[in-house]
Amino acid sequence: MAEMTPEQMSQFVERLTAAQSALYGSIHTLLAGASDAADVLQETNRVLWRKAAIYDLSRPFLPWALTVARFEVLAHRKRQSRDRLVFDDDLLGQIAEEYERQSTRGGALHALEHCLQKLPAAQRELVDRRYLRGESVNDIASGQGRAANAVSALLYRIRGALADCVDHALARDEPA
Amino acid sequence: MSEPGAPFPQLVQSVLDGSASAEQRQQLAHRLRTDPALRTEYVQQMRLDALLHFTGGAVAQKTAAAAAPDPQATPRPNVSKFPATPFRLMAAIAALLLVGLGVSTLGWSRRGVEVEVVRATEIASGQWLAGSKLRLTRLSLAHGSVEFQLSSGVRLEVVAPAELQFVSALHVRVSLGQVTADVGDRGKGFVVDTAQTQVVDLGTKFGVAVPNAGHTDVVVFQGEVELFDRRSRRQSDAPMTRLVEGEAVRVDAQQQMSRIMNVTSGPHDKAWSTDGGEAGSVIAAVRDNLRDPTARFYYRILAGGMREDAPAFVAKRHEWNGLDAAGLPAELLGADLVQTFPDDRANTGLEIVVSVSRPAALYVLIDSRHATPAWLAATFTDTGARIGMENAPLLTSGKAVGKGPGVGNMAPFAVWRRDLPAGGSLTLGPPRDSTGDNPASPLWMYGIAAKPF
């Protein structure tokens with residue numbers, strides 16, 4: 001196995017760094033929001049590093065990295081007790097394919113920043129409380145005198161709208 | 001299509017909150033399996049949830065900026081040199097991914113590092129409740145101590161006065177205070193930065209102390225760590241030094257390293273100190289005449305440590321026990337114990353100076369199958385008591401060390417005593433004289449204990 005040149009390694013690092021949010025998203029999705037997604041991301045990063053020398057820089061990085069992440073999720077699941085698992089292997093494969101289909105374009109983080117700025121103030125406040133300050137849905141609901149289900153539903157709609165906005169922005173910027 | 005059970009948004013939110021019941025998880029899986037449109041929606045929701053978590057809510061960057069680490073102040077690994085060893089590889093990856101390459105990792109830091117409070121003592125404010133989960137970017141602790149568990153599995157005990165910055169679940173910066181990290185398997189590559197050095201864990205339990213004096217003490221209790229020069233980390237991957245179990249070093253502001261002779265602690269590595277500190281041992285200091293400047297091993301002083309199954313030597317599994325079911329003699333129980341170095345058994349030029357801070361009985365525990373060294377017979381009295389030193393099976397044997405008195409492969413040790421009615425220091429000699437040894441059985445290094453009057 002040939003060693004990478006400093007320039008190749010630099011390119012690899014750049015791609016690995018750029019892929020972090022997509023990798024985290026994939027693991028988060030496949031583990032259905034389990035709290036150990038960050039651990040699996042770490043393990044995925046380790047594996048990607050170990051495989052750096054066999055990676056062909058002329059090929060797209062993200063599909064390869066997402067495949068590695070998927071295998072790491074499978075390995076992680078084997079270490080978990082069955083009652084913590086949400087998806088079986090077949091369903092997990094279907095979800096992984098759907099995730100890859102939705103995540104072929106880079107730049108999602110940048111697009112998200114742009115989309116967040118377009119949210120109405122009340123919705124921005126809700127996103128802020130949930131994702132910046134880490135407040136639970138129940139806490140937000142009781143603070144606003146609303147039902148938790150109503151807050152969940154609103155967050156759901158906001159995430160849906162943001163997803164549409166991000167995808168639209170990425171599609172617009174994609175070269176023809 | 002109409003499906004029974006909870007609305008789909010509610011199911012998604014319940015898994016995101018971690019509150020989903022087994023039934024809700026089954027419902028979610030069933031709907032995703034049977035409805036491709038819901039699968040698309042689910043992935044869309046999870047993808048955005050992850051992105052929002054990842055950025056920590058980019059809408060509030062202004063308020064988050066204060067909590068974000070300064071990427072310029074953080075050393076980065078030299079990525080042009082691929083790490084040569086698995087340990088180095090993991091360390092470099094941990095540093096690379098968690099230290100400062102790009103917005104993604106900073107985004108994590110912006111929302112803080114999730115910690116769970118395991119234990120807290122003497123905290124004036126009472127804000128640290130065991131079992132509570134918090135997100136921390138910085139920690140200022142004025143009194144007492146707090147033990148946290150990070151999501152990486154790393155357990156951190158922080159002793160006040162302390163100032164810490166949580167960069168990630170695998171990286172903290174300590175500007176003041178004492179931190180003990182029990183890293184575990186998942187936390188390998190854990191990084192502790194101080195002003196003087198960067199400590200990269202290779203799978204271990206270690207301590208870092210940063211007093212006001214402008215130096216960093218690093219003590220390894222188990223496993224090993226590597227120390228890097230923070231100033232030159234960008235130019236070189238080479239560590240300043242590697243420390244293994246039983247070793248400690250002080251790094252000063254000029255990056256000069258010196259030996260730490262003593263580490264004092266209570267049981268289980270708690271309340272450790274490199275300067276006698278507040279561990280409460282009557283043994284103030286132990287030093288030897290070793291002149292090797294590269295020596296890094298420290299004498300471990302365990303306050304009240306003489307009990308059944310007490311560790312006899314630094315970085316070994318051998319234990320002190322009663323020779324039979326009667327157990328250790330009462331006069332020794334609860335004495336402060338010094339863990340010595342087993343390799344010193346062959347050093348006939350050895351001198352160890354033990355200092356006690358107040359009137360105390362000093363004990364030397366020596367292999368009774370061998371001739372008593374002349375210095376011991378001349379200055380100490382044989383109490384007639386005998387205890388056992390359990391010769392631990394090799395780790396590779398898979399056999400456990402025996403539990404309790406009279407169990408395991410015991411070597412008999414005599415208990416010699418010397419009273420120091422005014423405290424002070426006493427010089428001990430080698431474990432054997434240069435002649436008169438009995439070659440029929442192995443000779444072990446002696447142990448040292450002391451008990452205040």
Share of chain A's accessible area from carbon and sulfur, percent, 1.4 Å?
49
Quick one: of the DSSP bridges fully inside the range B:263-452, what percent are antiparallel, nearest 5?
90
In whole Hz, the Karplus estimates of ³J(HN,Hα) for the range B:167-179 (6.51, -1.76, 1.60; θ = phi - 60°; x where Gly or Pro) are 7, 7, 5, 10, 7, 10, 10, 10, 9, 7, x, 10, 10
Give the dimensionless ratio obtained when the Cα radius of gyration of chain A is divided by 2.2 N^0.38 Å.
1.18
In square angstrom, what is the accessible area per residue of the range B:263-452 with a 1.4 angstrom probe?
42
Send over a whole-number figure in Å² for the accessible area per residue of the range A:107-176, probe 1.4 Å.
52
Can you work out the Karplus-derived ³J(HN,Hα) for every residue in the range B:380-387? Use 6.51 cos²θ - 1.76 cosθ + 1.60 with θ = phi - 60°, whole Hz, and x for glycine or proline.
10, 10, 6, 6, x, 6, 10, 10
Rounded percent of accessible protein surface that carbon and sulfur make up, the range B:263-452, 1.4 Å probe:
53
For the range B:263-452, just list the percent of Cα-Cα distances falling in each 10 Å bin from zero outward, please.
9, 38, 39, 13, 1
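When ranked by the protection proxy of mean other Cβ atoms within 10 Å per residue, highest first, what sequence do the peptides A:21-29, B:192-200, A:135-143 form?
Output ranking for A:21-29, B:192-200, A:135-143: A:21-29, B:192-200, A:135-143.
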Past 30 Å, Cα to Cα, is the threshold; run A:LYS78/B:LYS188; B:LYS188/B:LYS316; A:LYS118/B:LYS188; A:LYS51/A:LYS78; B:LYS316/B:LYS451; B:LYS205/B:LYS403 against it and keep the listed order.
A:LYS118/B:LYS188
Give me the net charge of B:GLN149's neighbourhood, meaning all other residues with Cβ under 15 Å from the Cβ of B:GLN149; Lys, Arg count +1, Asp, Glu -1.
-2
For the B and A pair, go ahead and give the buried accessible area with a 1.4 Å probe, both sides summed, in Å² to 100.
5500
Show me the ranking of peptides B:399-410, B:43-54, A:147-158 by mean Cβ neighbours inside 10 Å, starting with the highest.
B:43-54, A:147-158, B:399-410
Here, B:LYS399 and B:LEU426, labelled 7 Å along Cα→Cβ, have an inter-label distance in nm of 3.5
Roughly to the nearest percent, how much of the accessible area of the range B:1-52 is carbon and sulfur, given a 1.4 Å probe?
51
Looking at the range A:1-86, I'd like the Rg to Rh ratio, where Rg is from alpha-carbon atoms and Rh is Kirkwood's inverse mean 1/r.
1.03
I'd like the projected area of the range A:107-176, averaged over all directions, using the convex hull of its alpha carbons. Report it in nm² with one decimal.
4.7
Please list, or write none, the aspartates and glutamates whose alpha carbon is within less than 17 Å of the alpha carbon of B:LYS133, excluding same-chain residues fewer than 8 places away.
A:ASP36, A:GLU135, A:ASP139, B:ASP17, B:GLU114, B:GLU116, B:GLU147, B:GLU157
HN-Hα couplings for the range B:241-252 via Karplus (6.51, -1.76, 1.60; θ = phi - 60°), in whole Hz with x for Gly/Pro, come out as 6, 10, 10, 10, 3, x, 10, 8, 8, 10, 10, 8
Provide a whole-number value for the mean count of partner chain Cβ atoms within 10 Å of the Cβ atoms in peptide B:186-199.
1
Net dipole in debye of the range A:107-176 [+1 Lys, Arg Cβ; -1 Asp, Glu Cβ; about Cα centre; nearest 20]
260
In Å², what does the accessible area per residue of the range A:1-86 work out to with a 1.4 Å probe?
48
What aspartates and glutamates does B:LYS399 reach when the alpha-carbon gap must be under 14 Å and sequence neighbours fewer than 8 apart in one chain are set aside?
B:GLU390
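The values are calculated or read from the model by the stated rules, or taken from the named source; none is laboratory data. No experiment lies behind these values; they were computed from the predicted model shown. Backbone-built Cβ (ideal geometry, glycine too); neighbour counts: all protein chains shown. Areas reflect the complete protein model, heavy atoms only, side chains present, ligands, DNA and RNA absent. Shrake-Rupley method; radii C 1.70, N 1.55, O 1.52, S 1.80 Å.
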